[in-house]
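To keep things clear, I will list the structure first and then write my remarks on it.
The values are calculated or read from the model by the stated rules, or taken from the named source; none is laboratory data. What you see is a predicted model; the values in this text were computed from it and never measured. Glycine gets a Cβ as well: all are built from the backbone with ideal geometry, and neighbour counts include every protein chain shown.
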Amino acid sequence: MRIDKGQISGTQFMFSVACFIQASAPLTTFISAVTLQDSWLVLLFGAVLCLPLIWLYRTLMVMFPEQNLLQILVEVYGPVVGKVIGVAYIWFFFTLASLNLTDLGKFTKLTIMQETPNVVLVLMCVLVSALAVRNGIKLVTKYSTLFTIITFILLSIGTILMLNQIKLENFMPMFDQPVGKYVQGIHIISTIPFGELVVFLMIHPYVKLSRRDATKYLFLGFGLGVITILVILLLNIGVLGNLLGMFTLPTLVTLRLVNLGMALSRMEILFAVILVMLLFFKITLLYYVSVLATAQLFKVKAYRQLALAAGALLIAYGLTLYPSLVEQAASAQEIVPFLWTPFEILIPLLTFFIAKLRKLPNAKEA
Amino acid sequence: MFLRFIIRKLRFLSKNRHSVCDNTTESNNNEQPHVSTMKKQIHENLDCLKDMLSGSNDLKIHPFRFGPDPQLAGAMVFIDGLVDNATLTEAILRPVTGWQPDKKTFPTGQELMDVLAQEILCSGDVRTASSLSELASGCLAGDTAVLLDGCTAGLVVSTKGWDKRSVSEPQSETVVRGPREGFTENLRTNTAMIRRKIKNGQLCVTNMTVGRKTQTDICLIYLSGVADPKVVETVKYRIGRLDVDSILESGYIEEYIEDAPFSPFATVGYSEKPDVVAGRLLEGRVAVVVDGTPFVLTAPMLFIESFQTTEDYYTRPLYASMMRIIRFFGYFITVFAPAIFIALTAFHQELIPTTLLFTIANSREGTPFPVFLETFVMLFAFEILREAGIRLPRPVGQAISIVGALIMGDAAVSAGLVGAPVVIVVAITAVASFLVPNQSDSASLLRVIMMVLAAFVGFYGVSMGFLAVLLHLGSLTSFGVPYFDGFAWMSNLQDSVVRMPLWSMIRRPKDIAHGDITRRRFFIPPMRPYTLQDEDDLEGEGEHE
C-alpha cells in the first residue's frame, strides 16, 4: 500500500539525510554543555560508533526495499505486536516533531522575536509545513539540496570571518573530565542527531536505490551532516573556550563576535537563517512521517486530510511538553537519550535479528 | 477545508451553467435545421443566406450572367470590407464573365461547378461547399461564395483582404540588440514570421477554431521530434475541450489551459516577438498563436524563463550572466525590500548599523503613521501612478508621472507625512519591478503578503513567507514540467542563474525537449588563433611519427 505516489532521487535522499543531521547543528548545547571543550572528540567518537547503527538501518532498507518501518514491523512481529510497536513509533515521531517545533519557536523567541507569543511563531511554521506535507514526499525533500548547500556556504563565510578569533589553547585540557561524562556525551550524540535517522526507514520506499547506491548515499549524507556539526563545534569551542557552558545558543554568540572593520558585523543573522531553514526542514520531514504513519496505521488513503489536524495536535503537544527551556535542555541531556534508545537502537536491532531468523524477505520471494 | 467547500460549490455552479449553455445551443440548432440544405433555385439560396446573416447590410450579393450569350446565372456573395476588391475582380469576375466554351454544348449543374472551380477561376484556394452554413461561415471569414443557378452546391473562393497593421516594433518588449519586428494582429502574418525564423519541415502548424460566437482561429506550432508529444497532446486536448462563447485575446486561452489558476505565478508564457517564440520552439516548447492579438502563448513555461531575455543570447555570455543575476536581485528586491524595511524598523532595530539607525529615526521623528502604513500607502500611490501613466495619452502621461513622482514624493517628505527612507525603499521597489516584466504581477501580489507578514511577525514572518513561496513554486507544474526547474535543483544549469557560452550548451533543456535533444553535434569550442593551431597540429604529427 503506497499512500503517496511521489518518487525521490538518490541525491535528494542523500541531501535529506545531510540536512536532517545538520538541523541539530545550530543547537549544539545538548552536547557541549556536557563535555565542554572535548565535545568535538566526543562527536567524532560518536560518529564512528554510529557507523554500525547506520549500517543496520541500511541493511533494513535493503532487506525490505518496498516496505517502510511500520510495514516491516507488522511483517516481522505479526499484525498485533507489530501494530503496537508501530503506535509507539508514531508517538516517537510525533514527539520528535513537537520537540523540534518547540525548539524553533523558543529559539526564535529568544533571539529575534522577544515579545511575540510562542503560539504565533509555532503556528506559522506548522501552517507552512502543512503546505509541504499536503504536497507529498517529493516536495518535502526537494529543497534539501538547496538547504544543505546554503548551510555550507553560510557556514564557510562564518568560519572564514571567525578564523582570527580562534585560540588553540581553548581546546587544551584534553581528556580532562571523568569517563562517565564521555560515555554520556557519546550516548547523547548517537541518540539525538544520528539515531534519529531511523525516520528515513519510513521514506526509503520512495527512493529507487540499488544496494550499492543505498549504502553510498546514506553514508555520504551522514558524513556531510557530521562535518557540519564538527565545524560548528570546533568554531564554538575555539572562539568561546571556557565560556561555552554559559550560553544557551553558543553559535549565536560566536557569530555575534564577528566584526571586520565597519563593513561586516551582526553576522548572527546568518545563524538565524540557518536555524530557521534547517529546523523547518526537519520539522516538515518528521511531520510528514508522523502523518504518513498515522494514515497507514488506520488505513486511510487520504493522508492529506490528516495534515492540518496533526499540525494542531503538534502545536498543542509541543506547548505542553516542557514548561521552560532549562528543563528541556536538562531533559535532552539526561532523560531523552535513554527514552530514545529503544526506538533507535534496540527495536531496529531486534527486528533485524528476528527477520534474519525467520528468513523473512527471502521467504516472501520464494 | 472551508476553501475546499467554496471551490466545490463553485465547481457545482459552473457545471450548472454549462448545462444551461448546452440547452441553448440545442434549441438554436432546432430552430434552423432547414438552413443547411441547398435548393436548386438560386434565389431561394440567396434569401436563405441573407437570413442566416441576419440581413446585415454589409453582405453584398452580386448577381452575374455568363457563358455564351449570357444565359447562365450566378451570384457572388461576400462581406464588404473583408474581401480584397482587386482579388475579387481578377480571380472571379473577370475570368467568369470572359469565359467562352469552345464546344456547342456546355455543362450544367454539378459539372459546371467543377469546370468553374478547376478551369475558370484564377484562385489558388477554391473549395466546394455543399451546405449553406459552410458558405455563410466562408463569407464571415472573408472569402467569397459563388453560387450557380440550378446547382445544389457552391464554391468558396479565398479573397481575404482587410486592413491590417503592418509589422512594427513591439511596445512591450524593446531591445537594444536583436530583431525589432513584432507580431501583428493577423494570424497568417504571425505564423509566417515564425516560419521565416525556422525553415524546417519539422515545424508543424495545426489549425483549430475556438469560440462559439467569435470562431477565432488558433494555430498550434511546435517542432515535431523536439517537442514532447505528451505536452502537445495536452495542449491540443485542453484547447479542443473548450466550449466557450468568445476568445478575444490569447489571455482567454491562457486562463482556460493553465495548470494553476489560483497561483500568483503564470504557468503559460507569452511573447510579442518572433525571435523569442522561435527560440522557445527550438527548446521544445509549444506555441499557440491566436488570431487578433500580437501576443503568442508558449507552454510549458518555467519560472526561470521570466529571467531570460533574448538579449542574453545576443550579447556575450559574461555580461549576459551578470545582467541575469542583477535581474534575480531585482526580483528579490521588488518582492522583499518593503517587507525587510518594515521588519528592520519595526522589530529588529539592533540589526541596523547605529549611524543608519539614527538617520532613520531622525527622519521618522515627525511622521504620524506606523511604518507599515506609510510603506503601504506609498506603494499604493505608486501603483495608481503607474496605472494612470499607462492609460493616459502619452504626452499627458509623462506630465502625470512627473507630478506624481517628483512633486508628490518631495512634498510628502517635506510636509512630514512620510519619512525619506520610505520613499527611497518604495522607489527602489518600483524601479526593480520593471527588471522582470513577466513576473511583475506575481511580484506585486507577493509584496503585499510579505509586507503584512513583516508587519506582524518581523523577520520570522518574512522567512516563513519565503519558505512558503519556495514550497509553492516547488509544487507547481506547467504541463507536466516542474515549474521551478533549473533553479533549486540540478537540471539545465547551463542556462539558469548564469548563461554559459552558446557553444557549451550542447543539449536542449532536459525536461522540455524530447527525442532530438542535441542542439549541436558535439562540443565546439571557439576557434583558436591560426598560429597556435598550426603549432599544435605540427606537434601532434611529430608525436605520431
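A quick yes/no check of all residues on (1) in contact (Cβ under 8 Å) with a residue 60 or more places away in the chain; (2) closer than 22 Å to residue B:438 by Cβ:
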| site | (1), (2) |
| --- | --- |
| B:196 | yes, no |
| B:199 | no, no |
| B:208 | no, no |
| B:214 | no, no |
| B:221 | yes, yes |
| B:230 | yes, no |
| B:277 | yes, yes |
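Yes or no, residue by residue, for (1) of a type in the set (D, E, K, R); (2) within 17 Å of the chain's Cα centre (by Cα):
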residue	(1), (2)
A:97	no, yes
A:103	yes, yes
A:114	no, no
A:118	no, no
A:123	no, no
A:155	no, no
A:159	no, no
A:169	yes, no
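Just one of the listed residues (A:320, A:294, A:284) is among the β-branched types (Val, Ile, Thr), within 26 Å of residue A:140 (Cα to Cα) and more than 12 Å from chain B (Cβ to nearest Cβ), and it is A:294. Scanning segment A:332-351 for residues that are surrounded by 15 or more Cβ atoms within 10 Å (Cβ to Cβ) and modelled with pLDDT under 85, we see that the one that is farthest from residue A:106 (Cα to Cα) is A:337.
Checking B:204, B:219 one by one, the residue that is farther than 26 Å from residue B:139 by Cβ and surrounded by 13 or more Cβ atoms within 10 Å (Cβ to Cβ) is B:204 and no other. Of all residues in segment A:311-331, those being modelled with pLDDT under 90 and surrounded by fewer than 22 Cβ atoms within 10 Å (Cβ to Cβ) number 13.
In a helix (DSSP H, G or I) and crowded, with 18+ Cβ neighbours inside 10 Å, is that true of residue A:238? When the stated conditions are applied, residue A:238 passes them. Looking across segment A:263-298 at every residue that is more than 16 Å from residue B:459 (Cβ to Cβ) and at pLDDT below 85, the one that is surrounded by the most Cβ atoms within 10 Å (Cβ to Cβ) is identified as A:265. Residue B:365 - would you say it is assigned to a helix (DSSP H, G or I) and not aromatic (Phe, Trp, Tyr)? Criteria not met by residue B:365. A residue that is in contact with a strand residue (DSSP E or B) (Cβ under 9 Å, 6 or more places away or on another chain), farther than 17 Å from residue A:30 by Cβ and among the charged types (D, E, K, R) can be found somewhere in segment A:197-212. Every residue in segment B:337-356 that is more than 10 Å from every other protein chain (Cβ to nearest Cβ) and within 45 Å of the chain's Cα centre (by Cα), please. B:337, B:338, B:339, B:340, B:341, B:342, B:344, B:345, B:346 - these are the residues of segment B:337-356 that are more than 10 Å from every other protein chain (Cβ to nearest Cβ) and within 45 Å of the chain's Cα centre (by Cα).
Among the residues of segment A:65-81, those that are part of a helix (DSSP H, G or I) and either at positive phi or without any contact (Cβ under 8 Å) to a residue 12 or more places away in the chain (or both) comprise A:79, A:80, A:81. Scanning segment B:415-464 for residues that are of a type in the set (S, T, N, Q) and touching a Ser or Thr at 6+ places or on another chain (Cβ under 9 Å), we see that the one that is farthest from residue A:268 (Cα to Cα) is B:438.
Within segment A:241-262, restricting attention to residues that are within 14 Å of chain B (Cβ to nearest Cβ) and in a helix (DSSP H, G or I), the residue that is surrounded by the fewest Cβ atoms within 10 Å (Cβ to Cβ) is A:256. Here residue A:114 fulfils each of the conditions (1) within 11 Å of another protein chain (Cβ to nearest Cβ); (2) buried (at least 18 other Cβ atoms within 10 Å of the Cβ) apart from (2). The number of residues in segment B:58-81 that are touching a Ser or Thr at 6+ places or on another chain (Cβ under 9 Å) and more than 21 Å from residue B:47 (Cα to Cα) comes to 2. Residue B:436 fulfils the conditions (1) out of contact with any Phe, Trp or Tyr (no Cβ under 7 Å at 6 or more places or on another chain); (2) within 21 Å of residue B:308 (Cβ to Cβ) except for a single criterion, (1). Those residues that are within 14 Å of the chain's Cα centre (by Cα) and not charged (D, E, K, R), I need them from segment B:184-206; list them, please. Passing the criteria: B:184, B:186, B:187, B:190, B:191, B:194.
crowded, with 17+ Cβ neighbours inside 10 Å, away from chain B (no Cβ under 14 Å) and at negative phi, is that true of residue A:108? No: the conditions fail for residue A:108.
Here residue B:156 fulfils each of the conditions (1) among the aliphatic types (A, V, I, L, M); (2) part of a helix (DSSP H, G or I); (3) within 26 Å of residue B:210 (Cβ to Cβ) apart from (2).
Screening the candidates B:380, B:376, B:372 for the property of being modelled with pLDDT of 85 or more and out of contact with any helix residue (DSSP H, G or I) (no Cβ under 9 Å at 6 or more places or on another chain) yields one hit, B:380. Filtering segment A:121-140 to residues that are more than 10 Å from chain B (Cβ to nearest Cβ) and modelled with pLDDT under 90 leaves only A:137. Note on segment B:128-149: residues that are farther than 16 Å from residue B:83 by Cβ and either surrounded by 15 or more Cβ atoms within 10 Å (Cβ to Cβ) or at pLDDT 85 or above (or both) amount to 8.
Picking from residues in segment B:229-249 that are closer than 18 Å to residue B:515 by Cβ and in contact with a strand residue (DSSP E or B) (Cβ under 7 Å, 6 or more places away or on another chain), the one that is surrounded by the fewest Cβ atoms within 10 Å (Cβ to Cβ) is B:236.
The residue that is nearest to the chain's Cα centre (by Cα), counting only those in segment A:210-255 that are of a type in the set (Phe, Trp, Tyr) and at pLDDT 80 or above, is A:222. Answer yes if at least one residue in segment A:170-187 is within 30 Å of residue A:86 (Cβ to Cβ) and more than 14 Å from every other protein chain (Cβ to nearest Cβ), and no otherwise. Within segment A:170-187, one or more residues are within 30 Å of residue A:86 (Cβ to Cβ) and more than 14 Å from every other protein chain (Cβ to nearest Cβ).
Restricted to segment B:404-487, the set of helices (runs of 4 or more DSSP H) holding at least 2 residues that are within 11 Å of chain A (Cβ to nearest Cβ), out of contact with any strand residue (DSSP E or B) (no Cβ under 6 Å at 6 or more places or on another chain) and modelled with pLDDT of 90 or more comprises B:440-475.
Residues in segment A:88-120 that are more than 23 Å from residue A:331 (Cα to Cα) and free of Cβ contacts under 8 Å to residues at least 24 places away in the same chain: 6 in all.
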